Amino acid sequence: FIDGKPCLIDELLTPDSSRYWDASAYRQQRLQQFDKQIVRDYLLTTGWDRKSPPPPLPNRVVEETRRRYIELLQRITGEVL
């Protein structure tokens, strides 16, 4: 709090800090995620020890993450990039 008012000091509601799922797909028990889980899943396949710097991400993982973030932005704001 600053001067008795809440103060946001970190990210809020970003795909990096929150989980977003398509509601209609979720109701049909299909998980359609709009977060960075694809990055986590890839890193689990590499044997990364989580202590050293992570290995580079392949372009397919970067592009799919980018696509999901853009789709989420468009769904939330209605704006097309």
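Quick rundown of the values:
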read-out	value
Mean Cα-pair separation over length for the stretch 1-79, i.e. relative contact order, pairs under 8 Å, 6 or more apart, %	24
Expected 222 nm ellipticity per residue - DSSP helices of 4 or more, -39500 (n - 2.57), all of the chain, to 500	-12500 deg cm²/dmol
Relative contact order (percent, whole number), the stretch 1-41, Cα cutoff 8 Å, 6+ residue spacing	31
Sites I76 and T46, calculated FRET efficiency, Cβ-Cβ separation with R0 30 Å, nearest 0.05	0.45
Selection of GluC sites (Glu not before Pro), the stretch 4-69, meeting DSSP coil and at most 15 other Cβ within 10 Å	E11
P(r) tail fraction, the chain - alpha-carbon pairs more than 18 Å apart, %	58
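Every number in this text was worked out from the coordinates using simple rules, so none of it is lab data. All values reported here derive from a predicted model rather than from experimental measurement. Reconstructed Cβ throughout: ideal geometry from the backbone, glycine too, with neighbour counts over all protein chains shown.
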